[in-house]
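Right, one structure below, let's go through it.
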Amino acid sequence: MNQKKKGGQREKKSDSRNSSNSRITFEVKVIPRSSRREVIIEGGNRIKVKVNAPPVEGEANDECIKAIYDYFHLRHKNQIEIMSGKSSRNKVIRISELNSSEAAEINNLLKG
């Protein structure tokens, strides 16, 4: 939304529904070769993700990203990035392009 300012200039009014600049970073422990895909909130900005895929050629990472995408109902998978631990079970994940209400909702879920 734009709002008219003195002198004929327009001032951009912030709309929290469209502002997509928040990011959340949290720790993930991936359990590959699990019998089912599952996201478990451990609290304290930590989650555990069980995946069916083996830890071979990034398959477990891809399934981990898909599980997080589905669990948090994100707009697209590109919002999720593995910051560290690509070849480890313990990872640091960042979700970006969140508006303030999405970020608050995810933070509440992560607290457990």
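The values are calculated or read from the model by the stated rules, or taken from the named source; none is laboratory data. Bear in mind the structure is a predicted one, so any value in this text is a computation, not a measurement. Every residue, glycine among them, receives a Cβ derived from its backbone with ideal geometry; neighbour counts consider all protein chains shown.
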Query raised in the report: Pairs, please: C-beta under 8 Å, at least 6 apart or cross-chain, first residue closer than 16 Å to Ala103 by Cβ and at pLDDT 95 or above and in the range 68-91, second acidic (Asp, Glu) and assigned to a strand (DSSP E or B)?
Result: Gln79/Glu97
Query raised in the report: Within the range 85-111, how many residues are loosely packed, with under 12 Cβ neighbours inside 10 Å and in contact with a Lys or Arg (Cβ under 8 Å, 6 or more places away or on another chain)?
Result: 1
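Can you tell me how many residues within the range 19-44 are among the hydroxyl-bearing types (Ser, Thr, Tyr), in contact with a helix residue (DSSP H, G or I) (Cβ under 7 Å, 6 or more places away or on another chain) and either within 16 Å of Ile82 (Cβ to Cβ) or not in a strand (DSSP E or B) (or both)?
Taking the range 19-44 as the starting set, the residues that turn out to be among the hydroxyl-bearing types (Ser, Thr, Tyr) are 19-20, 22, 25, 34-35.
If we keep only those that are in contact with a helix residue (DSSP H, G or I) (Cβ under 7 Å, 6 or more places away or on another chain) too, we end up with 19, 22.
Checking the rest, the ones that are also either within 16 Å of Ile82 (Cβ to Cβ) or not in a strand (DSSP E or B) (or both) come to 19.
Result for the range 19-44: 1.
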Query raised in the report: Does any residue in the range 24-51 that is closer than 14 Å to Asp62 by Cβ and touching a residue at least 40 places away in the same chain (Cβ under 8 Å) come within less than 9 Å, Cβ to Cβ, of a residue that is polar (S, T, N, Q) and outside any strand (DSSP E or B) six or more places away or on a different chain, and which pairs are these?
Result: Val30/Asn61; Val30/Ser88; Pro32/Asn52
Query raised in the report: So which residues in the range 56-84 are part of a helix (DSSP H, G or I), small (Gly, Ala, Ser) and in contact with a Lys or Arg (Cβ under 7 Å, 6 or more places away or on another chain)?
Result: Ala67
